[in-house]
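Since the structure comes first, as structure tokens, the remarks are kept for the end.
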Amino acid sequence: MENEKKKNNLQEQPVEFYTQKYREADPAEIAARLQIPFDAEKDCFTVRMFKKTYSVNWPEFGYAMIEEGPNTYDPLARDNGARILMLRYLLFANPTPETGSFISFRDMPSGDLYIQPFQGRCIMRTNRKYGTRKEVFCKVCEKAGAAAGKGGDASYDIEVFDGIFVRFIIWEGDDEFPASSQILFSENIRTAFETYDLAEMGGIILNMMGALEA
């Protein structure tokens, strides 16, 4: 219980911090930078996240899912990390067009310094959840609206925001070799997020995948 309380505090404080930054932001600048619609009469953006369409209010950070996409799971309603990611996307992202190329976590600035936390939170968690459950992995990725990717025994590309993808790859374990996995990111993520955002992003996706197993 105490650990859960600390986790909630660590997430709630950044939400409050970024919400204040969001209140102070210029909506016209956000809309132009991200090339997303802003309704000046209703004071709201239209933003796609995980193939779902949201109406996001400004200056107060309110949101509503207006198109469910491939499933009914609502990350903004269920996950504080997703709310932080949305705020950071609106405030700071300046994504370049997708090239079809993918990079690893180590390819990000200071990726080597943060690789151990990323491996613990995302890679090892993927191994534990899906290393011996390829069929479940494929099922939940398809329920998430992901497209088949390249590599491994199974691979899927999950679209986080328009044109920004995360590729999950798994190799099934057997009696001779342990299960393994890799997580790659579309190259344009370099101009959209900071390195430490990527570990949070992986965790949000794994939370979503777990919810979609039901």
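What to note about this one:
- Of all residues making up the stretch 145-167, the number that are among the aromatic types (F, W, Y) and open to solvent by 10 Å² or more (accessible area, probe 1.4 Å): 2
- Flag for Q116 being in contact (Cβ under 8 Å) with a residue 12 or more places away in the chain, open to solvent by 60 Å² or more (accessible area, probe 1.4 Å) and not basic (K, R): no
- Of the residues contained in the stretch 70-87, one or more are found to be open to solvent by less than 70 Å² (accessible area, probe 1.4 Å), of a type in the set (D, E, K, R) and touching a helix residue (DSSP H, G or I) at 6+ places or on another chain (Cβ under 6 Å).
- Looking only at the stretch 168-214, and only at residues there that are of a type outside the set (F, W, Y), open to solvent by 30 Å² or more (accessible area, probe 1.4 Å) and part of a strand (DSSP E or B), the one that is farthest from G152 (Cα to Cα): L184
- Tally, over the stretch 49-68, of residues that are within 16 Å of D79 (Cα to Cα), of a type outside the set (A, V, I, L, M) and not in a loop (DSSP other than H, G, I, E, B): 3
- Scan of the stretch 143-167 for residues that are assigned to a loop (DSSP other than H, G, I, E, B) and in contact with a helix residue (DSSP H, G or I) (Cβ under 7 Å, 6 or more places away or on another chain), ordered by number: A144, D153, G163
- When A64, A77 are screened for being over 16 Å from D162 (Cα atoms), free of Cβ contacts under 8 Å to residues at least 12 places away in the same chain and touching a strand residue (DSSP E or B) at 6+ places or on another chain (Cβ under 8 Å), only A64 passes.
- Some residue of the stretch 167-186 being in contact with a strand residue (DSSP E or B) (Cβ under 8 Å, 6 or more places away or on another chain), closer than 22 Å to R83 by Cα and among the basic types (K, R): yes
- Output for the stretch 131-144, where each listed residue is modelled with pLDDT of 95 or more and open to solvent by less than 60 Å² (accessible area, probe 1.4 Å): V136, F137, C138, V140, C141, A144
- Among the residues of the stretch 198-214, those identified as of a type in the set (A, V, I, L, M, F, W, C) and over 14 Å from the mean Cα position of the chain (by Cα) are A211, L212, A214.
- Evaluated against (1) closer than 23 Å to G100 by Cβ; (2) part of a helix (DSSP H, G or I); (3) touching an Asp or Glu at 6+ places or on another chain (Cβ under 7 Å); (4) not acidic (D, E), V140 falls short on exactly one condition, (1).
- Matching residues in the stretch 89-112 - criterion: being within 27 Å of E16 (Cβ to Cβ), in a helix (DSSP H, G or I) and either open to solvent by less than 20 Å² (accessible area, probe 1.4 Å) or modelled with pLDDT under 95 (or both): Y89, L90
- If the condition is being in contact (Cβ under 8 Å) with a residue 40 or more places away in the chain and open to solvent by 80 Å² or more (accessible area, probe 1.4 Å), then the stretch 13-36 contributes only K21.
The values are calculated or read from the model by the stated rules, or taken from the named source; none is laboratory data. Fair warning: this is a prediction, and the values are worked out from it, not measured in the lab. Here the Cβ is made from the backbone with ideal geometry for all residues, glycine too, and neighbour counts use every protein chain on show. The protein model used for the area step is the full one, side chains on, heavy atoms only, and it has no ligands, DNA or RNA in it. Shrake-Rupley method; radii C 1.70, N 1.55, O 1.52, S 1.80 Å.
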